[in-house]
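> Would you mind keeping the following structure in view while I ask a few things?
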Amino acid sequence: MKKVVADTTKCLGNGLCVMTAPRVFTQNEDDGLVQVIRPVPEAGDWEAVERAVNSCPSGTLCIVETDA
Amino acid sequence: MASSTPSASPPAAKEGYPQLSTSRPVAASTEGVIPINYTDPPDHTRLRRALIKEFTVARVQSLQPMIAAVVDALIDGMLEAGPPLDLQSRFALAVPTSVILAMLGIAYDEHGFFHERAGLVVSTNLDSALARQAQPDIRARMREILREKEKNPEAHDDLMERLIREQIRPGNLSHEEACSLLQSLVIAGHETTASIIGLGMLLLLRNPEIDRRLRDETSTKTAEQAVEEMLRYWSTTNFVAFRVALEDVGFRGVTIRAGEGILPQVVAANHDPAVFTRLPKRMPTLRLAIPFGEVEFKRGYLTHGLHALPVTWQADCGSTGAEGTR
C-alpha cells in the first residue's frame with residue numbers, strides 16, 4: 001500500500017503542498033510546518049499528491065510502500 | 001537542484017560566490033548578520049522558521065479581506081483623481097506596499113521612504129552611492145521602528161510585535177537578525193509583486209480577448225490559473241538564486257567544480273520548451289520544409305494567418321507516446 005510521509009526536520013513551510021493537495025496536507029498553526037492529514041489519500045487525490053511531492057522545494061515529502 | 005542540494009551553498013562569504021559587482025556585494029553582512037537568502041542551514045532553517053507561521057497558506061488566505069479593502073481604496077483614489085494616470089505607481093506598487101506595511105505594523109506614511117530604497121536595492125545601477133546606501137538606510141529605519149515597538153509589544157499584535165514576543169525575547173533571534181529579516185521582507189514585499197501586477201495588466205491591455213475571458217469568468221479558478229501563467233511567462237525574478245558549489249557536483253553530465261559559481265536562470269526554466277509545450281517536445285527536430293520567404297501569409301481576410309505551413313523532421317526522432325508531456 002502506498003503512503004505519504006513528511007520529514008518535518010526538512011520542512012521550510014513553503015505551503016506549496018497545502019495549495020496543491022489541501023485534502024492531504026495542512027500546516028501546523030504554531031510552527032507552520034507540514035502535517036499530513038491523510039497519509040493514505042483517496043484515489044482521486046493521488047495526482048495532486050504526486051505534484052505536491054515533486055514541487056516541494058525542500059524535499060520534505062515522499063511516497064513510500066508499506067506492508068500495512 | 002540548486003535549492004535542495006546540500007553541496008551548493010549561497011553564502012556570499014564563501015569563495016567563488018557569483019557577484020554582480022565588486023563595489024556592491026549582493027549579500028554583504030551588516031553588523032555580522034548575513035541576509036536570510038544568503039545563509040545555509042542551520043542558520044537558514046532557524047531564521048526561516050521564525051517567520052513561517054506568519055506566511056502559512058491559511059494565514060495568507062485570512063489576509064484576503066484586508067487586501068481587498070486596500071485594492072478598493074486604491075481604485076477609489078484613481079477614479080477620484082481621474083485619467084490619465086500611472087497605474088504602476090498608483091496601483092501595482094501601492095498594493096504590495098500597503099499590504100506589507102500593514103502586516104508589519106508600520107504606518108503607511110513611511111511607504112515613500114521604503115519604496116524608493118527597495119527600488120534602488122534591486123537596481124543594476126550598482127555603482128551609484130544612492131544605491132549603496134539603500135540597504136543601510138532601510139536597516140537603520142527598521143532598527144528604530146523595532147526599538148519603538150519593543151517598548152510595548154502588545155499594542156497592535158502585528159508581525160513585528162509577535163517577532164519581538166515570540167522570537168527576540170526567548171532568544172531565538174538576535175535583535176539585529178530580526179532587523180535583517182524585516183529588511184528582507186520589506187524589500188521582497190515591494191518589487192516582485194509590483195512588477196507582476198504591472199506586467200500582468202500590460203498583458204491584459206495588449207490581449208483584449210484574454211481580458212474579456214477573465215472578466216466573463218465567474219469562477220476564481222481561471223483567474224488563479226491566469227496569475228500562475230503570468231508569473232511563469234514574465235519570470236520577474238531571474239537573478240535571485242545564485243549559488244557556489246561546496247564540492248564537485250554532477251548534474252546532467254556536467255561537473256560543477258567546488259568553488260564554481262552557479263547562476264540558475266529562472267526565465268530559461270520557465271520557458272523550457274521540453275516542459276511547457278507538447279509539440280517541440282514530441283517533435284524535437286521539427287523545422288520549416290520550405291524557405292521562410294516562400295511561406296504563404298493570408299491576404300484579404302479579416303483574420304491574419306497562414307495558408308499552409310509545410311514542415312519536416314527527422315523521422316526517427318519523434319516520440320509516439322505521450323509519456324512525459326504535459
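> Taking the range B:143-189, which residues are over 20 Å from B:Arg46 (Cα atoms) and touching a Pro at 6+ places or on another chain (Cβ under 6 Å)?
Across the range B:143-189, the qualifying residue is only B:Gly189.
> Additional query: Report whether or not B:Pro65 is buried (at least 16 other Cβ atoms within 10 Å of the Cβ) and more than 10 Å from chain A (Cβ to nearest Cβ).
So B:Pro65 fails the test.
> Given the conditions (1) crowded, with 16+ Cβ neighbours inside 10 Å; (2) out of contact with any Gly (no Cβ under 9 Å at 6 or more places or on another chain); (3) of a type outside the set (Asp, Glu); (4) at pLDDT below 85, report the number of the one that B:Asn238 does not fulfil.
(1)
> Could you grab me the full set of residues in the range B:76-106 that are among the aliphatic types (A, V, I, L, M), buried (at least 16 other Cβ atoms within 10 Å of the Cβ) and not in a helix (DSSP H, G or I)?
If the condition is that a residue be among the aliphatic types (A, V, I, L, M), buried (at least 16 other Cβ atoms within 10 Å of the Cβ) and not in a helix (DSSP H, G or I), then B:Leu93, B:Ile106 are the ones that fit.
> How many residues does the range B:139-171 hold that are touching a residue at least 60 places away in the same chain (Cβ under 8 Å) and farther than 21 Å from A:Glu29 by Cα?
Adding up the residues that qualify gives 1.
> Can I ask one more? Of B:Ala107, B:Ala92, which residue is in contact (Cβ under 8 Å) with a residue 12 or more places away in the chain, away from chain A (no Cβ under 14 Å) and within 19 Å of B:Val186 (Cβ to Cβ)?
Checking each option against the conditions leaves just B:Ala92.
> Inside the range B:200-228, can you point out the residues that are of a type in the set (Asp, Glu) and part of a helix (DSSP H, G or I)?
Passing the criteria: B:Glu209, B:Asp211, B:Asp216, B:Glu224, B:Glu228.
> Name the residue, out of B:Arg132, B:Arg143, B:Arg213, that is modelled with pLDDT of 95 or more and surrounded by fewer than 19 Cβ atoms within 10 Å (Cβ to Cβ).
Every option except B:Arg143 fails the conditions.
> Which of the residues spanning the range B:229-269 are touching a Leu at 6+ places or on another chain (Cβ under 8 Å), more than 30 Å from B:Pro310 (Cβ to Cβ) and assigned to a helix (DSSP H, G or I)?
Across the range B:229-269, the qualifying residues are B:Met230, B:Trp234.
> Then there is this: I need the full set of residues from the range B:219-246 which are more than 19 Å from B:His271 (Cα to Cα) and either free of Cβ contacts under 8 Å to residues at least 24 places away in the same chain or charged (D, E, K, R) (or both), in order please.
Scanning the range B:219-246 gives B:Ser219, B:Thr220, B:Lys221, B:Thr222, B:Ala223, B:Glu224, B:Arg243.
One line per residue, one yes/no per condition, for (1) more than 23 Å from B:Asn270 (Cβ to Cβ); (2) of a type in the set (Val, Ile, Thr); (3) surrounded by 14 or more Cβ atoms within 10 Å (Cβ to Cβ):
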residue	(1), (2), (3)
A:Met19	no, no, yes
A:Pro41	yes, no, yes
A:Val53	no, yes, yes
A:Ser58	no, no, yes
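> Can I ask one more? For the range A:52-61, state whether one or more residues are within 13 Å of another protein chain (Cβ to nearest Cβ), farther than 15 Å from B:Ala58 by Cα, touching a residue at least 12 places away in the same chain (Cβ under 8 Å) and assigned to a strand (DSSP E or B).
The answer is yes, given that some residue of the range A:52-61 is within 13 Å of another protein chain (Cβ to nearest Cβ), farther than 15 Å from B:Ala58 by Cα, touching a residue at least 12 places away in the same chain (Cβ under 8 Å) and assigned to a strand (DSSP E or B).
> Every residue in the range A:1-47 that is more than 14 Å from chain B (Cβ to nearest Cβ) and either part of a helix (DSSP H, G or I) or free of Cβ contacts under 8 Å to residues at least 40 places away in the same chain (or both), please.
A:Val36, A:Arg38, A:Pro39, A:Val40, A:Pro41, A:Glu42, A:Ala43, A:Gly44, A:Asp45, A:Trp46
> Among the residues of the range B:35-62, which ones are part of a loop (DSSP other than H, G, I, E, B), at pLDDT below 90 and within 14 Å of chain A (Cβ to nearest Cβ)?
B:Thr39, B:Asp40, B:Pro41, B:Pro42 - these are the residues of the range B:35-62 that are part of a loop (DSSP other than H, G, I, E, B), at pLDDT below 90 and within 14 Å of chain A (Cβ to nearest Cβ).
> Test of understanding: among B:Arg117, B:Arg132, which residue is among the basic types (Lys, Arg) and farther than 25 Å from B:Glu54 by Cα?
Result: B:Arg132 is the single residue among B:Arg117, B:Arg132 that is among the basic types (Lys, Arg) and farther than 25 Å from B:Glu54 by Cα.
> Restricting the range B:112-138 to residues that are without any contact (Cβ under 8 Å) to a residue 60 or more places away in the chain and more than 20 Å from the chain's Cα centre (by Cα), which is nearest to B:Gln183 (Cα to Cα)?
Within the range B:112-138, the match that is nearest to B:Gln183 (Cα to Cα) is B:Asp137.
> Name every residue in the range A:17-44 that is of a type outside the set (Gly, Ala, Ser) and closer than 12 Å to A:Lys3 by Cα, in order of residue number.
If the condition is that a residue be of a type outside the set (Gly, Ala, Ser) and closer than 12 Å to A:Lys3 by Cα, then A:Val24, A:Val36, A:Ile37, A:Arg38, A:Pro39, A:Val40, A:Pro41, A:Glu42 are the ones that fit.
The values are calculated or read from the model by the stated rules, or taken from the named source; none is laboratory data. No experiment lies behind these values; they were computed from the predicted model shown. We place every Cβ from the backbone using ideal geometry, glycine too, and count neighbours over all the protein chains shown.
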